[in-house]
Amino acid sequence: MLMLKNILAFSVIIVFSLQINAQENVPNVDLRTIGGKSLKSIDILNNEGFSIISFWATWCIPCINELDAINDLYDSWNEKYNIKVVAVSTDDARSKKRVRPMVSGKNWAFDVYVDTNQEFKRSLNVSGIPHTIVVYGSKIIHRRIGYTPGEEKDLLNIISKYNQ
Amino acid sequence: MIIFRKSVSIFVLLIIFTESYSQKKSNFYGSFESTGIYYQENEVDNYNEEFASNNYLNLKYIFNSNWSFEAQIESYSPIRLQGYSDSFEKTHLSTLSINYKKNGFGFTFGSIYEQFGTGLSLRTWEDRELGINNSILGMRSTYENDRVTIKFVGGWQKKGRQISVGKVLGLDSEFTLLDSDETYQNLIIGLSYVGRFENLAFPDIFPPVGYEFNDLTNLFSGRVDYAKNDFYFAYEQIYKTEDGIAQFGLILNDFVKKGSAHTMNIGIAKSGFGFDFTFRRLENMGFYGDRFEQGELYGESTINYLPALTKQHDYLLTNINIYESQPYVSFPDPSLMKAGEIGFQMDLYYDIEEGTFFGGKYGTSLSLNLSSWNNLDGKYSYNPLDYETNFLGFGQKYFSEQSLELRKKWSDNFSNIFLFLNKYYNKRYVAEKFGEINSQVLVVDNTIKLKNKKSLRLEVQHLFNKDDMKNWYGFGVEYNFNYNFSGYYNTIVNYQNTDDGKPRYYSFGASYSKNSSRFSVSYGKQRGGLLCYGGICRYVPEFKGLSFSINTSF
């Protein structure tokens, strides 16, 4: 159990000492549209306003719950603030082919991109999904792991506070 | 632990140095992940009453937008979690790379993560859940513009703390021939080459013993992707040159075969409707940094990515008897001879509009998935070892599944998911054990939003199975106290399996998330079996114990 204590203490020190050096900007790496076109991660963001980057996959139930919930609110969000939602699929070759028909089938109103070998995910140090990042221009202002029902409303609160 | 602390101290000093030297265009960041389990009881004796943990610290540094550096330190203290390869041990530096990018040119030295096309010929990636990190230790150079991408990769594959004996060399090119935003039409073609050089001769023995097949095994690949408006199509073909096949840890000079892969995908994606169909045929496509890795438990130095093309499920009972892809040649006995797989998968998505009879006030989402996979049909011989396949022949069925999922939102605060699936699993052919299994699973997953950021999720499941271990039931409760703090309990019971005393598995725990950090703790008895992510699986023995995990990005 001494080892467990050591690891826990060590982890806590790392977590808190390094939080002060939080990643500031979205890195510029390659992504693809669901149609297969190559583009840069910087180009998918809203240059003049807020972007919400949501890492998801076709097999991840909480991710789809979150994106369905965001989709329901997307129009009203855009009326209030200039927000661009970008859903980045981390599906690899196994399920990548399911992305485009699923997005169409679900009628999601926002843009969806694919990060097949997870270069973008890796560059942002995302280990588990859902993982949501709120960005202003290309500056990261908030990030969170996981999704609980209703949490999408909190994203708007964060944007609203930042906007003040 | 000392090395681990020293390494981290160096990085922390570097951060302080960087911050004091601060330039706006430089950036230091990373992530930390730790999973520990105290094994109270275990199927594997040496883990009984033992504590084990896997820890990963990843650090990245971007300088001047052209340079980037990455390092990852891993620590398996005092021992790795069970079910991971023996090659994961102690504290060590597992990833180190230097990248430079300018004017379309890019260079990487060190650990390389790369994928050609869909990964059918080459994919190196990291999956900590599965214990996979097959990065290439070597160099990569790339060039890209709007129309052309060219990549060159060369080096050795990572195998735990070591590297593969064989060397890997790859060249990938991709050309965009048509790219029109007006008609939404694009055409991309790609050509790849991947070679693995491994000299298996034993020169110390006199007279020297060698193999008659070539040390260099080649993979030549061509692919095409076409999309116009709502329609899309993709095809990829791979030809693999003759290679020795490892069986029971032996490679024989008279069992040397070529390999091939064909995959075709076609789909329609319209507003509210999506359809996708994939056909794939794989023959002798196992391809490793070391030939003898084939058939090994962890397959660590796999060069290409050949996942099972079936729907990936997220519920406990749907993950019993999972299909693993069968791209290899495997001849365990005269009644069981396999040379690959052939089959298809189909998906259909449909959104029933709001305001219609079936759509209701909030609409209904429907998704249907069908898949079926078989052995390659042909002539098989055990003595001498040989086979000859028919190109479009479907042999013994391995697996088939039909699943239907309905997502229905009833009000602003109540929604549910219904899932029904029917599955055939040929345990003899897929897992090389005995029996065939027909089963059905029904899942109802309900989410209720309560006041003050609270919510409740209730999930019930049943598995109907006349064969093998008979019926199971399961249920789960998850209560979210707010957006940060959650608790859960779930259980599955094999209630008709009287032979094994009606096994019951359970887990309860709590998690706390704040910004980009998550802490969780749980206690329970976990079912042994295949743990699968992205179509690749790892066997996890049954255990009872206390687990914790810490995960943060900074």
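The values are calculated or read from the model by the stated rules, or taken from the named source; none is laboratory data. For clarity, every value in this text was computed on a predicted model and none was experimentally measured. We place every Cβ from the backbone using ideal geometry, glycine too, and count neighbours over all the protein chains shown. Just the protein is used for accessible areas: all its heavy atoms, side chains included, with ligands, DNA and RNA removed. Shrake-Rupley method; radii C 1.70, N 1.55, O 1.52, S 1.80 Å.
If you filter segment B:98-143 down to residues that are more than 16 Å from B:Pro307 (Cα to Cα) and facing another protein chain (nearest Cβ under 8 Å), you find that the one that is least open to solvent (accessible area, probe 1.4 Å) is B:Glu114. Of all residues in segment B:27-52, those satisfying the criterion of being more than 23 Å from the chain's Cα centre (by Cα), assigned to a strand (DSSP E or B) and more than 30 Å from A:Phe120 (Cα to Cα) are B:Tyr38, B:Tyr39, B:Gln40, B:Glu41, B:Asn42, B:Glu50, B:Phe51, B:Ala52.
Per-residue answers, yes or no, for (1) among the polar types (S, T, N, Q); (2) outside any loop (DSSP other than H, G, I, E, B); (3) out of contact with any Lys or Arg (no Cβ under 9 Å at 6 or more places or on another chain); (4) at pLDDT 95 or above:
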| site | (1), (2), (3), (4) |
| --- | --- |
| B:Gln345 | yes, yes, no, yes |
| B:Thr356 | yes, no, yes, no |
| B:Trp373 | no, yes, no, yes |
| B:Tyr380 | no, yes, no, yes |
| B:Tyr398 | no, yes, no, yes |
| B:Leu404 | no, yes, yes, yes |
| B:Asp412 | no, no, no, no |
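Of the residues contained in segment A:83-106, one or more are found to be open to solvent by 10 Å² or more (accessible area, probe 1.4 Å), more than 10 Å from chain B (Cβ to nearest Cβ) and more than 30 Å from B:Met264 (Cβ to Cβ). The single residue among B:Ser411, B:Ser381 that is of a type outside the set (A, V, I, L, M), open to solvent by 40 Å² or more (accessible area, probe 1.4 Å) and over 27 Å from the mean Cα position of the chain (by Cα) turns out to be B:Ser411. Taken together, the residues in segment A:150-164 that are without any contact (Cβ under 8 Å) to a residue 12 or more places away in the chain, assigned to a helix (DSSP H, G or I) and more than 10 Å from chain B (Cβ to nearest Cβ) amount to 2. Within segment B:44-57, none of the residues are crowded, with 20+ Cβ neighbours inside 10 Å and assigned by TED's automatic domain parsing to the domain that holds B:Ile150.
Only residues that are more than 17 Å from A:Asp92 (Cβ to Cβ), at pLDDT 90 or above, charged (D, E, K, R) and open to solvent by 10 Å² or more (accessible area, probe 1.4 Å) were counted in segment B:279-328, giving 1.
Out of all the residues in segment A:107-123, which are of a type in the set (D, E, K, R), open to solvent by 10 Å² or more (accessible area, probe 1.4 Å), in contact (Cβ under 8 Å) with a residue 24 or more places away in the chain and more than 21 Å from B:Leu348 (Cα to Cα)? Matches in segment A:107-123: A:Glu119, A:Lys121. Scanning segment B:480-520 for residues that are of a type outside the set (S, T, N, Q), part of a loop (DSSP other than H, G, I, E, B) and either within 10 Å of chain A (Cβ to nearest Cβ) or closer than 17 Å to B:Gly545 by Cβ (or both) turns up B:Phe481, B:Tyr483, B:Pro503.
A:Ser54 satisfies every condition listed in (1) in contact with an Asp or Glu (Cβ under 9 Å, 6 or more places away or on another chain); (2) open to solvent by 40 Å² or more (accessible area, probe 1.4 Å); (3) not in a loop (DSSP other than H, G, I, E, B) except (2). Exactly one residue out of B:Lys423, B:Lys449, B:Lys427, B:Lys433 is within 14 Å of chain A (Cβ to nearest Cβ) and not β-branched (Val, Ile, Thr): that is B:Lys449.
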